[in-house]
Amino acid sequence: MAPRSNTCCEPNAIQTVKRIFFVLLLVAALGGIGWAVKLRIDEMGREKPKRAASGPVPVEVAQVERGQIEMRRTFSGTLEAFAQFVVAPKVGGRVESMSVDLSDRVRRGQVVAELDDDEFEQAVAQATAEVAVADANIIQAQSALGVAERELERVQKLREDGVSSDSDLDTAKADVAAKRAGVAVTKAQAERARAVEQSAKIRKNYTQVRAAWPGMDEYRVVADRHAEEGDTVSPNAPLLTIVRLDPIIGVVFVTERDYARLAVDQRVTLTTDAHPGRPFTGRIERIAPVFRRSSRQARVELSIANGDHALKPGMFVRAEIVLATQDDAVVVPEDALVLRDEKHGVFVVDDSGDTVRWEPVTVGIRQGKRVQVVGKDIVGRVVTLGQQLIGDGSKIVIPQDKKPPADSPNSTDKQAKAGDAS
């Protein structure tokens, strides 16, 4: 048999090879484009000059300042009451009346609610009757003791006359001792009855619920009301929540970066959307000694004066804290900073105003658009616009230096001619 021909399969193999070659060529092209884009991005990130300018490059400049600069941080947080007291009755019963409502001012020790006291009144009356019975028992026991003591005296006289026997004398003495013991028992019973009466009176007084919070502050404010008149409440069930609003506490959370710069009594400025344009001042009251594992942040409590009660618990606040201050710092605009070869620097204008020199700097405190820089001979003016077109020693032209003053003769003549033309 003749060998089978493979001629019919050769075109498919050739097509497959062509596809593979085309895919490889496309991948190589895309890789080259990506690499070119990366090089361009790196070049822009290093802010190398886009071109070597043949003539002076127009730039904008700003004066280097020397003075105070502050490192400020703004933290978001919420407000909490400085102190909170929950008013609850010590006994259960039906609420007959409540004398305060939301936002009412409450004096310490004031009666804020009254419970139905019929049962407690009856308990006091019963205890008072028990005291009266105990007092009567004392009188009766003392009378019996007197009789027994007189009988003992009579028996002793009869014994001295030889009429009575020793057993009669012993019986009389035992009777006196028993009667004395009876008097002591009745007195103890009377004391117990008085204690029960006093307890009943105290429980009756508990039906008048008072706002008796601890501390020296005389007034607080009702923040929440948990019961209404006519409700039946159990012992220790909350009726009212009363809070102290002056001072008020602000709570913020800080990260490790800022934690070490905080200290107790450090000054804080707060703002809130409820009072736009009005700053509030406070200080750091407490700093938590641990960080929360979930957020890696530490709780910081701020004490804020709130005499007019403008700030309320639950409000959202922004707290600005000065973390560091440099009194004699070299300060430049943020736009003057340039990053080249992964190093920060500025272009300092020479005294002539025609050339610039590159000065590497160390960036310090940032405050808004102002930045502290540390370097050699950073005085005079620095370039704030046009740095991408210049390098060390480049020639520059400063357009604002070429503008004629507003009161110059030329400008006056031009304004006069314009006026005549109009």
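The values are calculated or read from the model by the stated rules, or taken from the named source; none is laboratory data. Model, not experiment: these values are computed from the prediction. Positions of Cβ are generated from backbone atoms using ideal geometry, with glycine treated the same way; all protein chains shown enter the neighbour counts.
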Condition met for residue 133 (within 27 Å of residue 233 (Cβ to Cβ), at pLDDT 95 or above and of a type in the set (Val, Ile, Thr)): no
When residues of the range 301-345 are limited to those that are over 28 Å from residue 259 (Cα atoms) and small (Gly, Ala, Ser), the one nearest to the chain's Cα centre (by Cα): 310
Residues of the range 109-120 that turn out to be out of contact with any Lys or Arg (no Cβ under 6 Å at 6 or more places or on another chain) and modelled with pLDDT of 95 or more, as a count: 5
Every pair of residues 6+ apart whose Cβ atoms lie under 8 Å, when the first sits in the range 342-366 and is under 28 Å from residue 70 (Cα atoms) while the second is part of a strand (DSSP E or B) and polar (S, T, N, Q): 344/362; 349/355; 363/372; 364/326; 364/372; 365/326; 365/372; 366/372
Test: residue in the range 371-394 that is within 30 Å of residue 280 (Cβ to Cβ) and surrounded by 12 or more Cβ atoms within 10 Å (Cβ to Cβ): yes
Selected residue (only one of 391, 345, 353 is of a type in the set (Gly, Ala, Ser) and assigned to a strand (DSSP E or B)): 345
Counted residues, the range 330-362 - those being buried (at least 16 other Cβ atoms within 10 Å of the Cβ), farther than 18 Å from residue 401 by Cα and β-branched (Val, Ile, Thr): 6
Which listed residue, of 243, 155, 185, is surrounded by 16 or more Cβ atoms within 10 Å (Cβ to Cβ) and modelled with pLDDT of 95 or more: 243
Every residue from the range 372-388 that is out of contact with any strand residue (DSSP E or B) (no Cβ under 6 Å at 6 or more places or on another chain) and aliphatic (A, V, I, L, M): 379
Test: residue 302 is at negative phi and surrounded by 18 or more Cβ atoms within 10 Å (Cβ to Cβ): yes
Residue count, the range 282-293 (criterion: under 14 Å from the mean Cα position of the chain (by Cα) and of a type in the set (Val, Ile, Thr)): 2
Strands (runs of 3 or more DSSP E) lying entirely in the range 196-302 (those with 3 or more residues that are free of Cβ contacts under 8 Å to residues at least 60 places away in the same chain and not basic (Lys, Arg)): 267-272, 280-287
From 51, 40, 66, residue being modelled with pLDDT of 75 or more, more than 30 Å from residue 243 (Cα to Cα) and either touching a Cys at 6+ places or on another chain (Cβ under 7 Å) or not aromatic (Phe, Trp, Tyr) (or both): 66
